Amino acid sequence: MSVPISPDEFVRLVRKSGVVDEARLAAYLHRREAGRGLPADVRDLADDLVRDGVLTNFQAEQFLLGKWRGFTVGKYKLLERVGAGGMGQVFLCEHLFMRKRVAVKVLPPAKAEQPAALGRFYREARAAGTLDHPNVVRTYDVDQDGSLHFIVMDYVDGASLTEVVQKAGPLPVGRAVSYARQAALALDYAFRSGIVHRDVKPGNILVDRRGVARVLDLGLARFVNDHADNLTVKYDDKVVLGTADYVAPEQVADSHAADARADVYALGATLYFLLAGRPPFPTGTVSQKLLWHRTKDPAPLRSLRPDVPDGLAAVVARMMAKDPKARFQTHAQVAAALDPFLPDEVPPPGPDEMPELCPAAAELAEEVAAEPEPAAAPVSWAAPAAARKPVRARPVPAPPADPSPPARPPVSWALVVAVTVAVLAVAALILTNI
């Protein structure tokens, strides 16, 4: 259908799409017509429907473009766009039948045509699907709907640490330590599960409205014990993996060999960013930053932030040591080193640091926050093959209802009598022949 030019055409598109329950839409339109009426301009109507919580911004944008299809991917209804990046867009979605709200990351079709990008997308799902930790964004499924490949994961009502610092500036010491320590616990769990992240940065750590930090985006992850995982060697043997502002020196030289200590360095650079309000090397080209991570020390943290305790500045400096052997060797050691600087109470982020959601999306996000933490669910993942067999759970035999020994069958007394008579007859025959 063409772009709607009247409110009636806009409403017809909304009805045709099915994204709003018909009874709810009819009731809203009836109230408007009985009251102040509908605006004559179609954009004003779209704004009203968003403001009144009937549509989300994403839905209204699509209808204004004349689009009424494409509001579902797989078994999920797209509600609102909550993030976007080089590897796709992230939507707040609702399961069509279970009504569960989740985040769905959709890989752009153009990226799906690139073997390396598609392989990393599925590896991200595989890596995240093996992890179940309160400080990791959990992944539940990965699937394909036509040309669209998508990952289903937890919806986190919050912002990345990059966005928080951009809005609020350098963080208070206690909050910065809390977020870095939570990320360290997540990365320690990941490494003990055989995974090195290789792209730790403020943009890959989300913090929700309660102050819980969660690590996400394992697209560059390395499976330490999986020697068949040669995606880096196959496609990126001569490419530096990671983000120039936070990548470890040894990862610049050999991304495939990066271990947990590379993530320690990147987390140290992230903590530096949270406290200083800028990355360790805020200027320069990508090539210069990669070189400086190997050859140059960043400005002393206390020269930028005098209120940072000497001990904490020393922890950050050790995390960012050029030589991996001079760093903390595990994230558990990092968390222990940060413990003395963690206050008894850490205030949650301020409302001005969190994303502003439209009323419909905010209502959905509140419902997600009110839901109890779900139990860990196994993720079904598969390589991006042309045809994939559906994953089915292996049937588990039901335990016996009563563990006591089975009861004996009832005794047939008629059979006992018949056997006794037969035995006596044989005995009598034997005595007669003696």
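One table, with the values for the structure above:
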{"read-out": "Close pairs (8 angstrom Cβ cut-off, 6 or more residues apart or separate chains): within 17 Å of V14 (Cβ to Cβ) in region 30-44, in a loop (DSSP other than H, G, I, E, B) anywhere", "value": "R32/L38; V42/P4; V42/I5; V42/S6"}
{"read-out": "Test for V152: is it in contact with a Cys (Cβ under 9 Å, 6 or more places away or on another chain), under 25 Å from L25 (Cβ atoms), among the β-branched types (V, I, T) and at pLDDT 90 or above", "value": "no"}
{"read-out": "Flag if A46 is in contact with a Leu (Cβ under 6 Å, 6 or more places away or on another chain) and aliphatic (A, V, I, L, M)", "value": "yes"}
{"read-out": "Among residues of region 210-233, those that are modelled with pLDDT under 55 and crowded, with 20+ Cβ neighbours inside 10 Å, counted", "value": "1"}
{"read-out": "Condition check for Y189: assigned to a helix (DSSP H, G or I), at pLDDT 95 or above and not acidic (D, E)", "value": "yes"}
{"read-out": "Selection within region 200-229 - in a loop (DSSP other than H, G, I, E, B) and farther than 24 Å from P349 by Cα", "value": "L218, G219, L220, A221, V224, N225, D226, H227, A228, D229"}
{"read-out": "Helices (runs of 4 or more DSSP H) fully within region 28-135 counting 2 or more residues that are among the charged types (D, E, K, R) and not assigned by TED's automatic domain parsing to the domain that holds V11", "value": "115-129"}
{"read-out": "Where F91 falls short, out of the listed (1) crowded, with 20+ Cβ neighbours inside 10 Å; (2) over 19 Å from L357 (Cα atoms)", "value": "(2)"}
{"read-out": "Among the residues listed as A262, A321, A314, A269, the single one being out of contact with any Leu (no Cβ under 8 Å at 6 or more places or on another chain) and surrounded by fewer than 16 Cβ atoms within 10 Å (Cβ to Cβ)", "value": "A314"}
{"read-out": "A116 being at pLDDT below 90, surrounded by fewer than 21 Cβ atoms within 10 Å (Cβ to Cβ) and touching a Lys or Arg at 6+ places or on another chain (Cβ under 9 Å)", "value": "yes"}
{"read-out": "Qualifying positions in region 178-198 - over 16 Å from the mean Cα position of the chain (by Cα), surrounded by 18 or more Cβ atoms within 10 Å (Cβ to Cβ) and farther than 16 Å from F328 by Cα", "value": "S178, Y179, R198"}
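The values are calculated or read from the model by the stated rules, or taken from the named source; none is laboratory data. From a predicted model like this one, the values you see are computed outputs, not experimental measurements. Note that each Cβ is placed from the backbone with ideal geometry, even for glycine, and that neighbours are counted across all protein chains shown.
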